[in-house]
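Okay, so here's the structure we're looking at.
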Amino acid sequence: MAFRPGSKRKETGVAGADRVPPNQRVTRDWPVLHAGRIPRFSEAAWDFRVLGLVAVPLRFTWPEFQALPRVQVVSDVHCVTGWSRLDNRWEGVAARDLLDRAGVKPEARFVIVHAEEGYTTNLPLEVLRDPDVLFADAHDGRPLAPEHGFPLRLVVPKRYFWKSAKWVRGMELVARDQPGFWEVRGYNNNADPWREERYW
């Protein structure tokens, strides 16, 4: 299954060739930016969990996660530092499919995404349900490189790229928002690139 977002951005009304948010520059490179070291992957130790306000907590080993139904999404990337990379082809597991498997409880409103080294980022539940949001293990036809999040990263096209956490290990459904690693350090909680929500 492939999903290609339309040229019109429903949240902002930006259409056609106007694909680049304000004060962004397009690059064909993929700059490497992250906090901390690049973690080493151990298939035997790795798992992915869906916890919190769910009917059925989930845990997947790496082979189990790889066996889940897969999607392809083509989307643009907009980094808070000012660069944009267009037409990225991602492959992985749709976030909303995982939410449906777990059975989200009615009181859940937010998702805390957990990654290696205690890193977190936070998003409203409805954002994770967008059809273009996925947990990706491949980019442009190749497995993710370690510096770009191998084995797994979140991809949230409608938010600045720091919300697309690298080295993800799971998500937690909660009733109240909990700002993540960058959000408590002055980055905007919502992170809409079309509104230039970069910092507080």
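Near Gly92: Cβ cut-off under 9 Å, other residues only, Lys/Arg at +1 and Asp/Glu at -1. The net charge is 0.
DSSP assigns beta bridges within the chain; of those with both partners inside it, close to 80 percent run antiparallel.
Pairs of lysines in the chain whose Cα atoms sit within less than 24 Å of one another amount to 6, provided the residues are eight or more positions apart or on different chains. Extending 7 Å from Cα along the Cβ direction at Leu125 and again at Gln66 yields two label points whose distance is 3.3 nm.
Distance from the C-alpha centroid of segment 121-137 to that of segment 148-200: 10 Å, rounded to the whole angstrom.
Taking amide H atoms as placed 1.01 Å from N in the peptide plane, the amide H of Leu134 lies under 5 Å from those of Ala95, Val155, each 5 or more residues away in sequence or on another chain.
What does the charge count near Leu58 come to, summing +1 for each Lys or Arg and -1 for each Asp or Glu among other residues with Cβ under 9 Å from its Cβ?
Residues near Leu58 contribute +3 overall.
Applying the criteria of a DSSP loop state and at most 15 other Cβ atoms within 10 Å to the trypsin sites (Lys or Arg not before Pro) of segment 131-200 yields Arg176. Karplus-based coupling profile of segment 132-148, in residue order and whole Hz: 9, 9, 8, 9, 9, 10, 9, 9, 6, x, 10, x, 3, 6, x, 5, 9, with θ = phi - 60° in 6.51 cos²θ - 1.76 cosθ + 1.60 and x standing for Gly or Pro. Kirkwood hydrodynamic radius of segment 60-141, from the reciprocal of the average inverse Cα-Cα distance over all distinct pairs: 14.3 Å. Taking every alpha-carbon pair in segment 45-195 and binning the separations at 10 Å intervals from zero gives 12, 45, 36, 7, 0 percent.
For segment 82-110, backbone nitrogen atoms closer than 19 Å to the point 7 Å from Asp29 Cα along Cα-to-C-beta are found at 82-88. Residue-wise HN-Hα couplings along segment 46-57, as the Karplus relation 6.51 cos²θ - 1.76 cosθ + 1.60 with θ = phi - 60° gives them from phi, are 6, 8, 10, 10, 10, 10, x, 7, 10, 6, 10, x Hz; Gly and Pro carry x. Put simply, the amide H of Leu144, placed in the peptide plane, has neighbours under 5 Å in Ala138, His139, leaving out anything fewer than 5 places away on its chain. Between Glu43 and Gln178, the FRET efficiency estimated from the beta carbon spacing at R0 = 41 angstrom works out to 0.85.
For segment 176-191, putting each phi into the Karplus relation 6.51 cos²θ - 1.76 cosθ + 1.60 with θ = phi - 60° gives couplings of 10, 5, 9, x, x, 4, 7, 5, 6, 9, x, 7, 5, 5, 8, 6 Hz, in residue order, rounded to whole numbers and with x for Gly and Pro.
For Thr121, the residues whose amide H sits under 5 Å from its own are Val113, Phe181, ignoring neighbours fewer than 5 places away on the same chain, with H placed 1.01 Å from N. In the chain, the calculated helix contribution to ellipticity at 222 nm averages -2000 deg cm²/dmol per residue, counting -39,500 (n - 2.57) for every DSSP H run with n ≥ 4.
Values quoted throughout were computed directly from the atomic coordinates according to the rules given, and no laboratory measurement underlies them. Keep in mind it's a predicted model, so treat the numbers as computed, not measured. All Cβ positions, even for glycine, are placed from backbone atoms using ideal geometry, and neighbour counts span all protein chains on display.
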